[in-house]
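**Q** The structure's right below; bear with me while I get my questions together.
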Amino acid sequence: MSRHYEESKKDPSRIIIFDTTLRDGEQSPGCSMNLEEKLRMAALLDEMGVDVIEAGFPIASPGDFEAVNEIAKTVKNATVAGLCRAKAGDIESAAEAIKPAKHKRIHTFISTSPLHMKYKLQMGPNSVIEAIHESVSLARKFTDDVEWSAEDGSRTEHDFLCQAVETAIAAGATTINIPDTVGYAMPDDYAALFAMLLNRVPNIDKAILSVHCHNDLGLAVANSLAGVKAGARQIECTINGIGERAGNAALEEVIMAMRTRPDSLPFKNEIDTTRITKISRTLSSITGFNVQPNKAIVGANAFAHESGIHQDGMLKNAQTYEIMTPESVGLTESKLVLGKHSGRHAFRAKLEEMGYELSDHALNEAFQRFKILADKKKEVFEDDLKALVEDEIASEDNDRIKFMALHVEAGTNGPQVADITLRVDGEEKQAKVQGNGPVDAIFNAIRAIYPHDDSILKLYQVHAVTGGTDAQAEVTVRLEETGRTVNGQGIDADTLVASARAYIHALNKLIVKRHKVRPDALTAADGSF
């Protein structure tokens, strides 16, 4: 049996945390990550104490296979899972991808609702039951840790769902996942679904039940916790709640709900909550998806108090308006850091203190940018340094396009002109182009150097890393091209330079994504539940 099944049987209060940021989360438009970014996130998830990391969908593309395989080689503690449809080729690909992992899981799924079976699968109930038996049996030949999911499980007829679950367990599945694929469920209904399975499926004691909830009605976390209270012992979730449409259940919200309300949720997990803020910010930096200010746990306003009455209460006793401490999720006061006279040794030591380990090349680049920043800003804070370092890490050595220099002419009288120098495939190129404003001029100049007429700018967003007029600007750019969507992010004390960096970051991602080829038979919907 799988180690998680054995742990759950020894301690019925133990909740297995299954993170699918790198699979279901990455399916959110614009959230695709390259190999290095996935490896960074996997390492942080492993350090945080996640039990299972769903690393990707190996059959989807050569890039997905490589990412799952490399994560399987590097993850030290967590189980590495690969997703696959109920098809022999998918299962064999997943098995090969996760083969190097210390702990490995094959996660296979098939639709079970009448709507999905009729229109998506075009299969009858008997054929689906046969496919469940064959796929789980084949997966079990490669590992004793097999998870089976009933896509659109929350809208599946109860009699058929019981038959499907019993079949999957009999074939060797040790985890049974009942997803609320379209975010339709209500907490009471979802809890009743698990209670029904526990009462009606004769071999249910041989598997762990799992929740996987989408947030279309804003109930993903509530439904997940309802399922756990009804008997599920695995929660599938993502950092920052990212995912298709309205996203998935947010890991940080699920975890802190259990930590804050043990009276109502008397469950255990192995998550180090002090790492939540760092991993949230890292994911935001990688994907270019900024967390909304009022987002629970990790939003900028989550621990902010502006009301006079609230401030008065906080000064007297923090518990008057805070049910958890900022420190419990790794949020600390942003402190002043090194100044313009600080040396490379002190800079490296500070980064190590903050949990960053950079290569010599990345350290040199980050140090040079820090010195420039320190000359521009009166005060440099830890948040400034975090933003700068994350931006430097995001700049890959193998990027085809690199930012070199920028000069902009702007003002009320116009014209607005951008003079930009880029290095494209190792060759420096320069363009001087007008635009409808300085940002438009910059983006036009980049297009003049590297034409990409099929792409459309879908989002341009700016926010300050810290307070003050000398704050670094963090710019997010979203590009779309023939159905592909990517986000890029750039950081600089000069908003226009940050804009150029963000656009180039997105463009480099778009170039990589153009070469990701998915099989014709595989669509985004095939891997979503």
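Each reported figure results from applying straightforward, stated rules to the coordinates on display, with no laboratory input. Predicted model, so just to flag it, every value in this text is computed and none were measured. Don't worry about glycine lacking a Cβ; one is built from the backbone with ideal geometry, like all the others, and counts go over all protein chains shown.
**Q** How large is the charge dipole for the chain, taken about the Cα centre, if only the Cβ atoms of Lys, Arg (+1) and Asp, Glu (-1) carry charge, to the nearest 20 debye?
**A** Here the size comes out at about 320 debye.
**Q** Given the -39500 (n - 2.57) contribution per DSSP H run of 4+ residues, what per-residue ellipticity at 222 nm results for the chain, rounded to the nearest 500 deg cm²/dmol?
**A** -12000 deg cm²/dmol
**Q** Which of THR476, THR495, THR21 has the fewest other C-beta atoms within 10 Å, and how do the rest follow up to the most?
**A** So the residues, fewest neighbours to most, are THR495, THR476, THR21.
**Q** What list of ³J(HN,Hα) couplings, whole Hz, do you get for segment 242-259 from phi and the Karplus terms 6.51, -1.76, 1.60, once you set θ to phi - 60° and write x for glycine and proline?
**A** Computed from phi, the couplings for segment 242-259 are 5, x, 4, 6, 8, x, 10, 4, 7, 4, 5, 6, 4, 5, 6, 5, 5, 6 Hz.
**Q** Output wanted: per-residue J couplings in Hz (rounded whole) for segment 346-356, from phi through Karplus 6.51 cos²θ - 1.76 cosθ + 1.60, θ = phi - 60°, x for Gly and Pro.
**A** Values, residue by residue: 5, 5, 4, 4, 5, 5, 5, 4, 8, x, 9 Hz.
**Q** Report the label-to-label distance for ASP189 and SER137 in nanometres (one decimal), using points 7 Å from each Cα along the Cα→Cβ vector.
**A** Taking the two extended label points, one gets 3.5 nm.
**Q** Take the eigenvalues of the Cα gyration tensor for the chain, scale each by 5, and report the square roots as semi-axes in whole Å, largest first.
**A** 42, 28, 20
**Q** Taking H as built 1.01 Å from N, whose amide H comes closer than 5 Å to the amide H of GLU151, not counting residues under 5 places away?
**A** Amide H to amide H, under 5 Å and 5 or more residues apart or across chains, GLU151 pairs with ILE110, SER111, THR112.
**Q** Order of 111-117, 297-303 by packing, highest average Cβ count within 10 Å first?
**A** Going from most to least packed, we get 111-117, 297-303.
**Q** When ranked by the protection proxy of mean other Cβ atoms within 10 Å per residue, highest first, what sequence do the peptides 38-51, 246-259 form?
**A** Answer by packing, highest mean first, reads 246-259, 38-51.
**Q** Let me ask something else. Distance between the C-alpha centers of segment 258-272 and segment 36-57? Whole Å please.
**A** 22
**Q** Based on the mean of other Cβ atoms within 10 Å per residue, sort peptides 401-414, 193-206, 227-240 so the most packed one is first.
**A** Descending mean neighbour count gives 227-240, 193-206, 401-414.
**Q** Write down the percent of antiparallel bridges among all DSSP beta bridges whose residues are both part of the chain, to the nearest 5.
**A** Antiparallel: roughly 50 percent of the beta bridges in the chain.
**Q** In addition: Kindly write out, for segment 468-485 in residue order, the coupling ³J(HN,Hα) from the Karplus curve 6.51 cos²θ - 1.76 cosθ + 1.60 (θ = phi - 60°), rounded to whole Hz, with x marking Gly and Pro.
**A** Residue by residue, segment 468-485 yields x, 6, 9, 5, 5, 9, 10, 10, 10, 10, 10, 10, 10, 8, 6, x, 8, 10 Hz.
**Q** A further question follows. Mind listing the long-range amide H neighbours of ASN34? Cut-off is under 5 Å, sequence gap 5 or more, other chains count too, H placed in the peptide plane at 1.01 Å from N.
**A** Amide H neighbours of ASN34: none.
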